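**Q** Please find one structure pasted underneath; my questions will follow.
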Amino acid sequence: MTETIHLTYLFDPLCGWCYGASPALERLLQEDGFAVTIIPTGLFAGAGAFPMNAGFAAHAWEADQRIAKLTGQVFSEAYRRNVLESGTGQVDSGPATLALTAIRLIAPEKEFEVLKTIQRARYVEGRDNGDPAVIADILSALTLDDAAARFASPDEELLSANRTRIDAGQAEMRRFGARGVPALVAGQGQDVRLVNSAALYGSADELIAGLRAA
């Protein structure tokens, strides 16, 4: 019997590089012999959130073009115009992270699908997914009514679970000295290692072969 390979994927829903890694992550989630846990790190949530500004917009767009060349992921003009250059809005992953935790509690098998939809809303459709109203609309459009209701009026269980997930993600970042997200950790218990994040932007077949060979 082939031994299951355990992976932990650390991410932020407003991170462009995490969006770039989504195709590789999707392959890992579909691949037999892998058990993948995804954990948000709160990079742009809470104290990490800030108002959109011209400096960040320029930095993000430059990085986005590199990501697009590496991965083929789309960063649309609508995103550039309506999100980066709007002069309004927050760089705030708090709402998206809370929504994903609501999904984790209610329908965990749908969490990655919701993450992809949240990313698509921003980078392809040009919608500000730092806006709670946009996140609520996404949940409703996916007919995730229970999660939408819980997101709209978060109870203490949801808020506590969200804090716990973010704390766990940040602890893993510190544990491995990871400098940013996305970060992929392979193994469990004491036999764990940080995978070179560059592997998330190349051939998924090579990534999978490398994880199996390690």
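**Q** Tell me, what ³J(HN,Hα) does each residue in the range 197-214 have, in order and in whole Hz, if you take phi through Karplus 6.51 cos²θ - 1.76 cosθ + 1.60 with θ = phi - 60° and put x for Gly and Pro?
**A** After applying 6.51 cos²θ - 1.76 cosθ + 1.60, I find 5, 4, 5, 6, 10, x, 6, 5, 4, 5, 4, 5, 4, x, 5, 6, 7, 5 Hz.
**Q** In whole Hz and in residue order, list the ³J(HN,Hα) couplings for the range 56-69 that follow from phi through the Karplus curve 6.51 cos²θ - 1.76 cosθ + 1.60, θ = phi - 60°; x for Gly and Pro.
**A** So the J values, rounded to whole Hz, are 5, 4, 5, 4, 5, 5, 4, 5, 4, 5, 5, 4, 4, 5.
**Q** Under 1.5 on a/c is rounded, so check that first for the range 108-158, then, if it is not, pick prolate when a/b is larger than b/c and oblate when it is not; a ≥ b ≥ c are the square roots of the alpha carbon gyration tensor eigenvalues.
**A** prolate
**Q** Okay, moving on. Using the alpha carbons of the chain, what is the convex hull volume per residue in cubic angstrom, as a whole number?
**A** So the per-residue hull volume is 123 Å³.
**Q** Using amide H atoms built in the peptide plane, which far-off residues or other-chain residues are under 5 Å from H6 H to H?
**A** A35, G187
**Q** Would you kindly derive the ³J(HN,Hα) couplings of the range 182-191 from the backbone phi angles with the Karplus curve 6.51 cos²θ - 1.76 cosθ + 1.60 (θ = phi - 60°), listing them in order in whole Hz, with x for Gly and Pro?
**A** My calculation for the range 182-191 gives x, 9, 10, 10, 10, x, 8, x, 8, 8 Hz in order.
**Q** Decide, for the range 70-141, between rounded, prolate and oblate: order the square roots of the alpha carbon gyration tensor eigenvalues as a ≥ b ≥ c, take rounded if a/c falls under 1.5, and otherwise choose prolate if a/b is larger than b/c, else oblate.
**A** Values: a/c = 2.38, a/b = 1.49, b/c = 1.60.
Note, shape of the range 70-141 comes out oblate.
**Q** Mean projection of the alpha-carbon convex hull of the range 141-212 over all orientations, in nm²?
**A** If I average the Cα hull's projected area over directions, I get 7.4 nm².
**Q** Counting every Cα pair in the range 24-127, what percent are over 18 Å apart? It would help to have the intermediate numbers written out before the result.
**A** On the way: 3040 of 5356 pairs.
Beyond 18 Å sits 57 percent of the P(r) for the range 24-127.
**Q** Hey, can you find the accessible area per residue of the chain for me, probe 1.4 Å, expressed in square angstrom?
**A** Result: 48 Å² per residue.
**Q** Please list, ordered by chain and number, the residues whose modelled amide H lies under 5 Å from the amide H of Q90; skip anything fewer than 5 residues away on the same chain.
**A** It is M52, by chain and number.
**Q** Also, quick follow-up: Please report, in debye to the nearest 20, how large the charge dipole of the chain is about its Cα centre when each Lys and Arg carries +1 at its beta carbon and each Asp and Glu carries -1 there.
**A** The dipole magnitude comes to about 560 debye.
**Q** Still on this model: Find which of A68, G187, G94 sits farthest along the positive direction of the dipole of the chain, computed with +1 on the beta-carbon of Lys and Arg, -1 on that of Asp and Glu, about the Cα centre.
**A** Checked the options; the winner is A68.
**Q** Find how many whole Å separate the alpha carbon centroid of the range 1-45 from the alpha carbon centroid of the range 144-214.
**A** 6
**Q** Still on this structure: Can you bin every Cα-Cα distance in the range 91-191 into 5 Å intervals starting at zero and give me the percent of pairs per bin, rounded to whole numbers?
**A** Histogramming the range 91-191 at 5 Å steps yields 2, 12, 21, 22, 19, 13, 7, 3, 0 percent.
**Q** Follow-up. Please state the shape class of the range 69-109: rounded when a/c is under 1.5, otherwise prolate if a/b exceeds b/c and oblate if not, all from the C-alpha gyration tensor. Intermediate results must be reported in sequence, preceding the final value.
**A** Details: a/c = 3.67, a/b = 1.54, b/c = 2.38.
Oblate is the answer for the range 69-109, as a/c is 1.5 or above yet b/c matches or exceeds a/b.
**Q** To continue, here is another question. Determine the share of the chain's accessible area contributed by carbon and sulfur atoms, expressed in whole percent, with a 1.4 angstrom probe.
**A** Within the chain, the accessible surface is 50 percent carbon and sulfur.
The values are calculated or read from the model by the stated rules, or taken from the named source; none is laboratory data. Just so it is clear, the structure is predicted and the values come from calculations on it, not from any experiment. Ideal geometry is used to build each Cβ from the backbone, glycine not excepted, and the neighbour counts take in all protein chains shown. Side chains are part of the model used for accessible areas, which takes the heavy atoms of the whole protein and leaves out ligands, DNA and RNA. Shrake-Rupley method; radii C 1.70, N 1.55, O 1.52, S 1.80 Å.
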